[in-house]
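Trainee: One structure follows; several queries about it will come next.
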Amino acid sequence: MTGIATARNDRATTSANAVEVRGIIKHFGDTKALDGVDLTVREGTVLGVLGPNGAGKTTLVRILSTLIKPDGGTAYVGGYDVLRQPKQLRRVIGLTGQYASVDALLSGYENLYLIGRLLDLSRRDAKARATELLERFSLTEAAKRTAQTYSGGMRRRLDLAASMIGRPRVLYLDEPTTGLDPRTRNEVWDEVQRMVAEGSTVLLTTQYMEEAEQLANELTVIDRGRVIANGGVAELKAKVGGQTLQVRPVNPAELPDMARCLRDTGIAGATVSADTGLLAVPITGDEQLTAVIGVLGTRGFAIAGIDTKVPSLDEVFLAITGKPAAAADTAPAASPAKEPVA
């Protein structure tokens, strides 16, 4: 199923949610890869699924694409039951797994044209769509070369194009830009955003926090087979600690006095960093920011500059899971009998 897109055909329900997962459980021997996962992806949005190595991300994607069956729970994609309507479901999804799986003996154009024809596109439409995606992923010059002559990054781009050929209603991207250079990564992001603007829904797993911030409308964090946090990027950052006001005085020697002044007026949490010459004050909004600057100004402290800092998504990830984002899964896919749990 990796690298295969399916056509956008009939719809089973009119639910506003493209993906609905409730209580999904999956075991591999004594290992519980998924332990009652719930998540929802609204139509026309991108859900970023984050988690450290062994979290269960790829297992979830494989279940939702009908490659393996869950041991419990329910899942609907495009209105179709993953267990009871797998054939219908496959016609509304596209999947790009962690490793490209295009036909090495066919040219880039032939790979895309063949998939288009398999998806019941007319010869004219399959040709036009293949040509369009080759151009979008900067593969036009290599279109007639066999895929076995492509570099790893070029194969990855071709695989992504293959998953999009049928304009799927729901697209699964399992760490789609791993190993790509920054320019190509931006091209992938542009294409994903274009598809979402046209009405597609995307479930994205990624180890790049910048990618999650760039693409995702909402985030779900999975660890040890369970959902441990979800919400928008700003919402998750607020849970970790909101903003920090950084004040740089004209005279760094006044930093301790500034912190003491704020404490005396009831503004708590100010800390001093002699190394950076900054006073850091946790704030929850513009009113508190104004209050801090007002107090310091009325007490005669000269301020050289101010800035606000919000926690990065990397910091949020670390705070929620206790593990760095770099621990995200990069293991190759295996057969269902030896399914990876990441």
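Each reported figure results from applying straightforward, stated rules to the coordinates on display, with no laboratory input. Predicted model, so just to flag it, every value in this text is computed and none were measured. Positions of Cβ are backbone-derived with ideal geometry, glycine not excepted, and every protein chain shown enters the neighbour counts.
Trainee: Determine, at each q value in 0.19 (inverse angstroms), the log₁₀ of I(q)/I(0) that the Debye formula gives when each Cα of the range 65-164 is one equal point scatterer.
Mentor: -0.90
Trainee: Quickly rank 91-97, 228-234, 129-135 as a protection proxy: mean count of other C-beta atoms within 10 Å, highest first.
Mentor: Ranking, from highest mean packing down: 91-97, 129-135, 228-234.
Trainee: For the range 238-294, run through the trypsin sites (Lys or Arg not before Pro) and keep only the ones in DSSP coil with at most 12 other Cβ atoms within 10 Å of their Cβ.
Mentor: none
Trainee: Further question: Can you give the direction-averaged projected area of the convex hull of the alpha-carbon atoms in the range 185-315, in nm²?
Mentor: 11.1
Trainee: Size of the dipole of the range 153-271 about the Cα centre, Lys and Arg at +1 and Asp and Glu at -1 on the beta carbon, nothing else charged, in debye to 20?
Mentor: 160
Trainee: For the chain, build the charge dipole from Cβ charges (+1 Lys, Arg; -1 Asp, Glu) around the Cα centre, then report which of Pro52, Gly269, Leu83 sits farthest towards its positive end.
Mentor: About the Cα centre, the residue reaching furthest to the positive side is Leu83.
Trainee: When only alpha-carbon atoms count, how far does the chain stretch along each of its three principal axes, as whole angstroms with the largest first?
Mentor: The principal-axis extents, from largest down, are 76, 47, 36 Å.
Trainee: I've got another one for you. Based on the Cα atoms of the range 226-272, what semi-axes does the equivalent ellipsoid have, where each is the square root of 5 times one gyration tensor eigenvalue, given in whole Å with the largest first?
Mentor: Gyration-tensor ellipsoid for the range 226-272: 33, 12, 8 Å.
Trainee: Measure off 7 Å from each Cα along the Cα-to-Cβ vector at Thr290 and Thr131, then give the distance between these two points in nanometres to one decimal.
Mentor: The modelled label-to-label distance comes out at 5.9 nm.
Trainee: Calculate for the chain the 222 nm mean residue ellipticity that helices alone would give, adding -39,500 (n - 2.57) per DSSP H run of length 4 or more and normalising by residue count, nearest 500 deg cm²/dmol.
Mentor: That calculation yields -10000 deg cm²/dmol at 222 nm.
Trainee: Could you calculate the contour length gain from Glu213 to Ser151, that is, 0.36 nm times the residue separation minus the distance between their Cα atoms, to one decimal place in nm?
Mentor: Values: separation 62, 0.36 × 62 = 22.32 nm, distance 2.80 nm.
Answer, rounded to one decimal: 19.5 nm.
Trainee: Additional query: Mind putting a number on the dipole of the chain about its Cα centre? Charges go on the C-beta only, +1 for Lys and Arg and -1 for Asp and Glu, and I need it in Debye to the nearest 20.
Mentor: Roughly 1180 debye, rounded to the nearest 20.
Trainee: Please say if the range 250-293 is rounded, prolate or oblate, where rounded means a/c under 1.5 for a ≥ b ≥ c the square roots of the C-alpha gyration tensor eigenvalues, and otherwise the choice is prolate for a/b larger than b/c and oblate otherwise?
Mentor: Judged from the Cα gyration tensor, the range 250-293 comes out prolate (a/c at least 1.5, a/b above b/c).
Trainee: Considering Cα pairs under 8 angstrom that are at least six residues apart, work out the relative contact order of the chain and quote it in whole percent.
Mentor: 23
Trainee: Using only the alpha carbons of the range 185-229, determine the length spanned along each of the three principal axes and report them from longest to shortest in whole angstroms.
Mentor: The Cα atoms of the range 185-229 stretch 33, 21, 13 Å along their principal axes.
Trainee: So what are the ³J(HN,Hα) numbers for the range 130-142, from phi and the Karplus equation (6.51, -1.76, 1.60; θ = phi - 60°), rounded to whole Hz, Gly and Pro as x?
Mentor: 4, 5, 4, 6, 4, 5, 5, 9, 6, 10, 4, 5, 9
Trainee: Let me ask something else. Percent of Cα-Cα pairs per 5 Å bin, from 0 to the last occupied bin, for the range 64-112, please list those.
Mentor: In whole percents, the pair-distance histogram is 4, 18, 22, 16, 15, 13, 8, 3, 1.
Trainee: I need the Kirkwood Rh of the range 180-259: take the reciprocal of the average 1/r across all distinct C-alpha pairs and report it in angstrom.
Mentor: With all distinct Cα pairs of the range 180-259 included, I get 16.1 Å.
Trainee: Just want the answer: with Cβ charges of +1 for Lys and Arg and -1 for Asp and Glu, which residue in Met209, Met195, Leu289 is farthest toward the dipole's positive end in the chain?
Mentor: Met195
Trainee: Can you count the Lys pairs in the chain whose Cα atoms are under 20 Å apart, with each pair 8 or more apart or on different chains?
Mentor: Pairs that pass both the separation and distance tests number 17.
Trainee: Please name which of Val221, Phe317, Thr149 has its Cα lying farthest along the dipole of the chain towards the positive end, using unit charges on Cβ (Lys, Arg +1; Asp, Glu -1) and the Cα centre as origin.
Mentor: Farthest towards the positive end: Thr149.
Trainee: Enter the Cα centre distance for the pair the range 188-253 and the range 51-79, rounded to the nearest angstrom.
Mentor: 22
Trainee: Next up: Report ³J(HN,Hα) in whole Hz for each residue of the range 223-229, in order, from the Karplus equation J = 6.51 cos²θ - 1.76 cosθ + 1.60 where θ = phi - 60°; Gly and Pro get x.
Mentor: 9, 6, x, 10, 6, 10, 6
Trainee: Please give the peptides 300-310, 195-205 ranked by average Cβ packing (other Cβ atoms within 10 Å per residue), highest first, as a rough proxy for protection.
Mentor: Values: 300-310: 12.6, 195-205: 19.9.
For the peptides 300-310, 195-205, the packing ranking is 195-205, 300-310.
Trainee: Through the Karplus equation 6.51 cos²θ - 1.76 cosθ + 1.60, θ set to phi - 60°, convert the phi angles of the range 151-168 into ³J(HN,Hα) values in whole Hz; use x for Gly and Pro.
Mentor: The phi angles translate into 6, x, x, 5, 4, 4, 5, 5, 5, 5, 4, 4, 6, 9, 4, x, 6, x Hz.
Trainee: OK, next. Tilt of helix 255-264 relative to the longest C-alpha principal axis of the chain, in degrees (0 to 90, nearest 10)?
Mentor: It is inclined by approximately 90 degrees.
Trainee: Still on this structure, please answer the following. Amide H of Thr45: which non-local residues (sequence gap of 5 or more, or other chain) have their own amide H closer than 5 Å, using H built in the peptide plane?
Mentor: Counting only residues 5 or more places away or on other chains, the set is Val202.
Trainee: So for each of 181-192, 153-164, 211-222 I average, over its residues, the number of other beta carbons within 10 Å; can you give me the resulting order with the highest mean first?
Mentor: Top of the packing list down: 153-164, 211-222, 181-192.
Trainee: Moving on. By how many degrees, 0 to 90 and rounded to 10, does the Cα axis of helix 182-197 deviate from the longest principal axis of the chain?
Mentor: Orientation of helix 182-197: about 80 degrees from the principal axis.
Trainee: Please determine, in degrees from 0 to 90 and to the nearest 10, the orientation of helix 286-298 with respect to the longest principal axis defined by the Cα atoms of the chain, where the helix direction is its Cα long axis.
Mentor: 30
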